[in-house]
Every structure is written in C-alpha cells, then in structure tokens.
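K.L.:
Sharing a structure with you now.
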Number of protein chains: 2
Amino acid sequence: MSQPPDQGSTSRRKFVVGAAGLVVAGASGKAIADNPKNQPPNVPEWTRTLGDGVGVRAYGTPSKFEKQVIRRTVPWLTATPESSVSFTPLHELDGIITPNGLCFERHHSGIAEIDPADYRLMIHGMVDKPLIFTLDELKRFPRANRIYFLECAANSGMEWRGAQLNGCQYTHGMVHCVQYTGVPLKTLLNEAGLKSGAKWIMAEGGDAAAMNRSIPLAKALDDCLIAYRMNGEMLRPENGYPARLVVPGWQGNMWIKWLRRLKVGDQPWFTREETSKYTDLMENGKARQFTWVMDAKSIITSPSPQAPAKSKGLTVISGLAWSGRGKVVRVDVALDGGRNWRTARIDGPVYDKACVRFYYEFDWSGEALLLQSRAIDETGYVQPNKDDLRKIRGVNSIYHNNGIQTWHLKPDGEVENVEVG
Amino acid sequence: MSQPPDQGSTSRRKFVVGAAGLVVAGASGKAIADNPKNQPPNVPEWTRTLGDGVGVRAYGTPSKFEKQVIRRTVPWLTATPESSVSFTPLHELDGIITPNGLCFERHHSGIAEIDPADYRLMIHGMVDKPLIFTLDELKRFPRANRIYFLECAANSGMEWRGAQLNGCQYTHGMVHCVQYTGVPLKTLLNEAGLKSGAKWIMAEGGDAAAMNRSIPLAKALDDCLIAYRMNGEMLRPENGYPARLVVPGWQGNMWIKWLRRLKVGDQPWFTREETSKYTDLMENGKARQFTWVMDAKSIITSPSPQAPAKSKGLTVISGLAWSGRGKVVRVDVALDGGRNWRTARIDGPVYDKACVRFYYEFDWSGEALLLQSRAIDETGYVQPNKDDLRKIRGVNSIYHNNGIQTWHLKPDGEVENVEVG
C-alpha cells in the first residue's frame, strides 16, 4: 500500500513504492469512494452474522476461496493414472512445510490401501534373526523427528529438451518437505543383527508394483528412517501409509512406500527400478546407474507462470531451495537471466536435506525481467545452468535435472517458462 | 518385537524386552501359524490389486483407518457451538507440527467466512498516516516464517478443581504448533508511523464478536506477525483466514483472527475480553488482569487415557512441552507421581515459543504407575504441580493452569486422569 504522494518520502518508502493501498477516511475522503463494498470502516457482512460453530468440520479443510490450491495431474504424461504423478502447487505455498494434503504423488501401481492392523514389515536375508514387525511393534522403538525434502528423480525431467511446461507446479512440483516421525532404520537392523559381509539392503513396497530398490547399507545405517507419521499425523495413504522408508537427500523412488520387506545382502539386486528405470542415459548411449543423491536445486515459486505479478512496485520474489548433500547455505537471485546475481534472504529454519525458503524483495518498475535462482550448498556446490548440465549429460536423461530455471516476467505481470542461452 | 527366548541376551535387548514380535518362517515355523491373514511372507490383498491412481484426491485426506483422529467438542461446555471449542487430538499426534485440519478451534461468534478479495486491514489511531491494506498489499511486504505454539488461556481450565476430563485431548488439546508465514507487525506499524506517546494497540477481528484485545506496543514491535499462512498454505477459516495476529508465547485470545483493525493508543482499552473475561479471579475476590504469557507446560500424550498402553515391555512415553517465555531446555518425567524425576529425551527442533517433542523410553513390567512430566524453560522456570499453583491462585481461576498432569497407568494398560497429593 502506498502513502499519498503529498506525504513526502521517508525511509519507510523503500517497501511501498508503487503499491496500491488506500488511505482511510479521515486522512482522505477517497477511501470510501474507492471502496464501495462493505469493508472497513464499514461493517462487512461476515461481522453482521454468526459463522459456523465448532464441530462442523471435525477434520478441517481449506477455505472455499482456496479451491484452486490442489495437486494437479498431466493426463498425457503416462498411460494410466495408477502409474502417474500429481504435482504439488508450489506457486500457492510459502514457508518450508508442505501440508500433507498437497504433497505430490508418484505411484507405480496406484495407492495401496493397507489396514494397519494387518500391516507387517519383514527383515531378512543376511541377518542373525529374521524378524517380522507389526505397526504397534514399530511404535515401541525410540522415535526420531526429522524435517526432510523428498524429490522425485524425474522432477523437472520434461525440461531436459527445453522449456516445456508453464508453471512451477509442473516443472518442479515433485518435491515436498514435511516433518517425519519414525524409527531409525539402524535400530531395526541392529535388532535383527547384521551378518558379516552385509553391504546392501533391498527395500520392497506392499503395493502391486512391489516397488523395490537396493540401498547401500552405509546409507541405511546413517540417517534412514522407517517413518509412520508426517507433520504429526499418520502418513497419508498416497505417501505410504502406514509406514515408508525415508532416505534423506536421495531420490524419491528409494523412499519405498507401504514398506513391506527389507532384505539384507552383500550386493545390489539390480532390479528393474535400477536398470531399465531410474538410470541416466548419456549422449554416448551408456547409462549412469545408482545416481541416488538429489543435487542442490532451487525454484522461484512466485512470481511464476501460475502466480503472475499483480502490479508494479514492491515485489516479493519467493522460492524454495534444497540439497541432498546437506544444508543450503546461500541462494542467489538474478533478474537479468544470470548476468548479475544478488544474495537472497533465507527466512525460517535451515535443516540438513530440507527445503529452505528464500526471498528477494525489489521495486519492480514494470520492465521485462528474466528471473532466476541458484542454490549453493554446504559442500560448495553451485546449482548449474541447464546448458552446462546438457554439455555433460546430453538430453536423453529424464532424471536429475537440477538446472537453473528461468521465468520471463513480462510488463503485464504474466510470467513464462523460457530458456536463456 | 522380541527375539525368541532361546537366542540369549545381547545389548540390543534393552529395546525389546517384552515386546511381541514374531520370528519369520525359516527361523521358526510359528510365523505363518500365528499370522493367519494374508501378510508377509504371504502376499497381502493390497499387493494383488491396483490401487487408486493419482488425481482421485486433488486435496488429500487421511486414511479411512484414521477416522478417529479428529477434533472433538464437549457439547455441555458452552451454550452454543458458535462460542465454543474443539480440541486437538494430541494423543493421536507426534512430532511438533500440528496438521492444519486438527488445530483446535475457539470461536466467540462462529467462523467468519471472508472473501479474500474483500478483506481489508485498517491501521489507525495514534499514527501519522491511517492506512488500509488489501490482502494483496500485505503480501507485498517482506515475509517471515516462524514456528510457534498457540495455547488458549483456558487450556486445562477445567482441571483447577480436580481431575475431571479423561484424555489429554480435553485436558490439554487447546494447543497447536504450526509454521506461520506473514508480515512482521513492526513493518506495518512503521509504515503507518507511530505518534509520540503511542504505547498500546487494539486488535479487532472481523467476526461477529468483533473479538478484540489491547496489546502493549513493545510486544507488537517485538515478535508479532500478521500471518496469512500456516504450514505453507493459506490460513484455515477457523484459524482466521485470510489473516490473523500472531502473538508468540501469549494467550491465544490475543491472536486475533480475521484481523480487521489495529488501533494505536496510549493506554489499554479495557475491553470486555480483558475485564469480565480473560482475567484470573483470585481467592480474595480480586482478579489479575493482563496475564498474557503462557508459562512453561508439558503433557504426556501417550500413554494417556485415550491412548492406553497396549502391552508390557518397551514403552515409549511421548509428550509435548512449550513455554511462552522462550525455549524449553529440559523436560523431566516421573513414573511415581513426582518422587523421582528422570530427564526426558527431546527429539526434533527446539524453537523459541514453539512446542518441543520429548520421549522417555522404559521397560514397563506391568505395575501401576503415576506418569508425570514437567517442562523447564530457559528462564529457569520449572512447571509447578497443581497444588502449589492452587496455594497461590486458589480454585476460582479458569485460565493459566499449567500444573503438572498425572496419568494413572494401570496394570491392564488403561490410563486415568488423577491427582496426587
């Protein structure tokens, strides 16, 4: 909102240039005239009537005015909805916590609907004592609470061959960040007792795909969890209810949902999901395998194609950054397609392998801009631009596209997904 | 889960004594016989059929097996549901984040249902320039992301005269903890310009109660926010959509929802909500006024009356602690009604004026116990027991009962709300 032009400039004006606030009646007669509805200082309708009481929604839902804040699908993307994706509406969110109802989905055979009373988790293979746990038994072990991002390996995958999808929900919406509660995997493996020579585990889901991945034992003993809660409540069915694997910083397909079985072995299993799928096909026809870690990445969520700028003046650039290798230590923003970088302001918690929220506030005079962001993590790694990635990786890849995204902010406030040379 | 008795004792057994796990077929033939349903190593039903695909729930909901995880009301508590309470099911949650759909409600005239396009916030009184902001204008100011607890002043209020309600949802369920995104109140007050002599603000809601409270300017300029998001998404209607005041560490009624107006003045307004209500009636008939801060408090959420212990052996005591005066630095747990205190394990983030999660793991041999917890905050304050509180405050109070709660864990695993002398 603006100060009236006759009030002169003060240091406070840096935040208000060009914004469109009203001055209330008393300071200016314009307020009422510009404000024909029943708003302050008039009494709005909702102040003149009782609202719904408690108990109307035993489990709450968003306002009816937020119906556009939903996960969205791309029907042409896959042959069937049971083996497809829905995307988190990143452009409609802020902060670092993703509400459970908006966490993206990726299934290989649909959502297994498991009765928790009948849930079992088996640990077998190269262990001293094969074991089966019920859910209640898992809840008897000491618990850990950890905030982590989860990103699908294929997030931004459709951008390898050039800017394609108009909105960060589609280009980057296969990432979410919640607080998990569960048992450190190390605790359960120690319970079973690892045999000498054990080097890998295979995790298998209870869905019809029996989704499975080989995971190095060193990672399993490091920071993996068997989680049964997200953001306080039990996991949602589409996120693996009643228990899933949490593999911090590594690609989402390894975070086996509806976790049914952990087999300990001395070598990887080379399953379909790590041979024909989830490998990175290089220009020379060879494929990189076991590229587990999700490298540092960031995205400006607003302004963005689905969240255009509403007017000139003070504009908040808001975005998310994350790294599978540890903490994000800095995020840079460019307004000119990457020629000049400015340090963004990180606000809120900064955790290892979790999303951080960054902001860059500036006074937009209405000229066309090329908005970019890049994340730098504690290893010193700097998020690369897409062309540099393509020089090394070619354009056959589906996975691990962490290239810098460019949004073309136009004078009318609309935003388009573009590439810069 | 247990190792079979013939496998001998190892250091790992400390976590498994008395738990009831099965040994899989191969190690013992008992597994299949004890396991008549289609569970591993058999193939369960949900692995033999495709589940729902993506897009079935554009905004996700909990599993159908979690229908008991809801906010609950106590119909006899108030004359009408529009001026009542629904309680967070603390016994069904873990970690520190409360999912938005389970945040307790307290309304004075029901839920104002505000069209965000027509929302206005007015700042007036002892300011240089009275201002009105639209929601879009609020979103143009630099944002902060903060995790805070919010507790109703009347939380545990029914326990002043003795143990009454059987479950922490009812005794302590008027607290929740989320990440807020919003504008520091200081930013907006500076925008309007504070006149010399300004010492207080009055915040008023847009609901039919026009709920209002006087707040010292020092607090307003310290850490208050005008929040429009919780856990990433826009506020829920019952939590003040589209914008509310966040008054960290202070009683919930001051966190004015559906925030409509901020008036700056040189003294408090002595409104109904700080004279006839939200004052603490002492034994001598006088009332304490402006008792804003919520002192350190904790509650064991499991085992608890609504979450009985399921069997002997390894038992995880899980609980929440918080303090309106800063960080919780320690939580103690007693199993014997407060004679012997042991330090609990805090796991997960510890923020200023936010909930922390604590655990105490022990091997329960099945004897009756009197479970208690007490929070200690960074000021050195130790959560008091109820009788010590009553010695000072009497039993006329409704508000600010932060006394130590006692759960009587019985040999059959049932838990009852009791008082100890």
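The values are calculated or read from the model by the stated rules, or taken from the named source; none is laboratory data. The structure displayed is predicted, hence computed values, not measured ones. A quick note on method: Cβ atoms are made from the backbone with ideal geometry, for glycine too, and the neighbour counts reach across all protein chains shown.
K.L.:
Which one of these is in contact with a strand residue (DSSP E or B) (Cβ under 7 Å, 6 or more places away or on another chain) and assigned by TED's automatic domain parsing to the domain that holds residue B:350: B:247, B:316?
P.N.:
None of the others qualify; the one that does is B:316.
K.L.:
Can you tell me which of A:279, A:301 is under 21 Å from residue A:156 (Cβ atoms) and surrounded by 24 or more Cβ atoms within 10 Å (Cβ to Cβ)?
P.N.:
Matching residue, one of A:279, A:301: A:301.
K.L.:
When you check residue B:276 against the structure, is it in the same structural domain as residue B:172 (by TED's automatic domain parsing) and either in contact with an Asp or Glu (Cβ under 6 Å, 6 or more places away or on another chain) or assigned to a loop (DSSP other than H, G, I, E, B) (or both), yes or no?
P.N.:
For residue B:276, the condition - in the same structural domain as residue B:172 (by TED's automatic domain parsing) and either in contact with an Asp or Glu (Cβ under 6 Å, 6 or more places away or on another chain) or assigned to a loop (DSSP other than H, G, I, E, B) (or both) - is met.
K.L.:
State all residues of the stretch B:97-124 that are assigned to a strand (DSSP E or B) and at the interface with another protein chain (Cβ under 7 Å from one of its Cβ atoms); if no residue qualifies, say none. If you could, list the steps in order and put the result at the bottom.
P.N.:
Filtering the stretch B:97-124 down to residues assigned to a strand (DSSP E or B) leaves B:105-106, B:111, B:121-124.
Within the stretch B:97-124, B:105, B:111, B:122, B:124 meet the criteria.
K.L.:
Still on this structure, I have one more. For the stretch B:324-333, state whether one or more residues are more than 17 Å from the chain's Cα centre (by Cα), surrounded by fewer than 21 Cβ atoms within 10 Å (Cβ to Cβ) and under 30 Å from residue A:96 (Cβ atoms). Before the answer, list the steps.
P.N.:
The initial filter retains those residues of the stretch B:324-333 that are more than 17 Å from the chain's Cα centre (by Cα), namely B:329-330, B:332-333.
Remaining after also requiring surrounded by fewer than 21 Cβ atoms within 10 Å (Cβ to Cβ): B:329-330.
Okay, now just the ones that are also under 30 Å from residue A:96 (Cβ atoms), so B:329-330.
Yes, some residue in the stretch B:324-333 is more than 17 Å from the chain's Cα centre (by Cα), surrounded by fewer than 21 Cβ atoms within 10 Å (Cβ to Cβ) and under 30 Å from residue A:96 (Cβ atoms).
K.L.:
Please go through the stretch A:209-245 and pick out each residue that is more than 13 Å from every other protein chain (Cβ to nearest Cβ) and of a type in the set (A, V, I, L, M).
P.N.:
If the condition is that a residue be more than 13 Å from every other protein chain (Cβ to nearest Cβ) and of a type in the set (A, V, I, L, M), then A:215, A:217, A:218, A:220, A:221, A:245 are the ones that fit.
K.L.:
Okay, next question. Pull up the stretch B:259-276, narrow it to residues that are out of contact with any His (no Cβ under 9 Å at 6 or more places or on another chain), surrounded by 15 or more Cβ atoms within 10 Å (Cβ to Cβ) and of a type outside the set (Lys, Arg), then point me to the one that is nearest to residue B:183 (Cα to Cα).
P.N.:
B:259
K.L.:
With (1) surrounded by fewer than 23 Cβ atoms within 10 Å (Cβ to Cβ); (2) over 23 Å from the mean Cα position of the chain (by Cα); (3) within 12 Å of another protein chain (Cβ to nearest Cβ) as the list, and residue A:206 as the residue in question, which single condition is left unmet?
P.N.:
It fails just one condition, (1).
K.L.:
Please determine whether any residue of the stretch B:254-271 is closer than 23 Å to residue B:378 by Cα and assigned to a strand (DSSP E or B).
P.N.:
Step one: list which residues in the stretch B:254-271 are closer than 23 Å to residue B:378 by Cα, which gives none.
No: the stretch B:254-271 contains no residue that is closer than 23 Å to residue B:378 by Cα and assigned to a strand (DSSP E or B).
K.L.:
Any residue in the stretch A:218-227 that is over 23 Å from the mean Cα position of the chain (by Cα) and crowded, with 24+ Cβ neighbours inside 10 Å?
P.N.:
No, the stretch A:218-227 contains no residue that is over 23 Å from the mean Cα position of the chain (by Cα) and crowded, with 24+ Cβ neighbours inside 10 Å.
K.L.:
Related question: Need pairs with beta-carbon distance below 9 Å; first residue over 16 Å from residue B:295 (Cα atoms) and within the stretch B:347-361, second among the aromatic types (Phe, Trp, Tyr); sequence gap 6+ or separate chains.
P.N.:
Once the first residue is over 16 Å from residue B:295 (Cα atoms) and sits in the stretch B:347-361, its partners that are among the aromatic types (Phe, Trp, Tyr) give B:347/B:358; B:347/B:359; B:349/A:351; B:361/A:141; B:361/B:15.
K.L.:
When the residues of the stretch A:73-95 are narrowed to those that are more than 7 Å from chain B (Cβ to nearest Cβ) and outside any helix (DSSP H, G or I), which ends up surrounded by the most Cβ atoms within 10 Å (Cβ to Cβ)?
P.N.:
A:87
K.L.:
For the stretch A:312-323, which positions are on the phi > 0 side of the Ramachandran plot and surrounded by fewer than 20 Cβ atoms within 10 Å (Cβ to Cβ)?
P.N.:
Across the stretch A:312-323, there are no qualifying residues.
K.L.:
Okay, moving on. How about the stretch B:135-150: which of its residues are without any contact (Cβ under 8 Å) to a residue 40 or more places away in the chain and crowded, with 22+ Cβ neighbours inside 10 Å?
P.N.:
B:137, B:140, B:145 - these are the residues of the stretch B:135-150 that are without any contact (Cβ under 8 Å) to a residue 40 or more places away in the chain and crowded, with 22+ Cβ neighbours inside 10 Å.
K.L.:
Of the residues B:198, B:163, B:154, B:203, which is part of a loop (DSSP other than H, G, I, E, B) and within 22 Å of residue B:237 (Cβ to Cβ)? Give the derivation first.
P.N.:
Numbers: B:198 fails: within 22 Å of residue B:237 (Cβ to Cβ); B:163 fails: within 22 Å of residue B:237 (Cβ to Cβ); B:203 fails: part of a loop (DSSP other than H, G, I, E, B).
Answer to the check: B:154.
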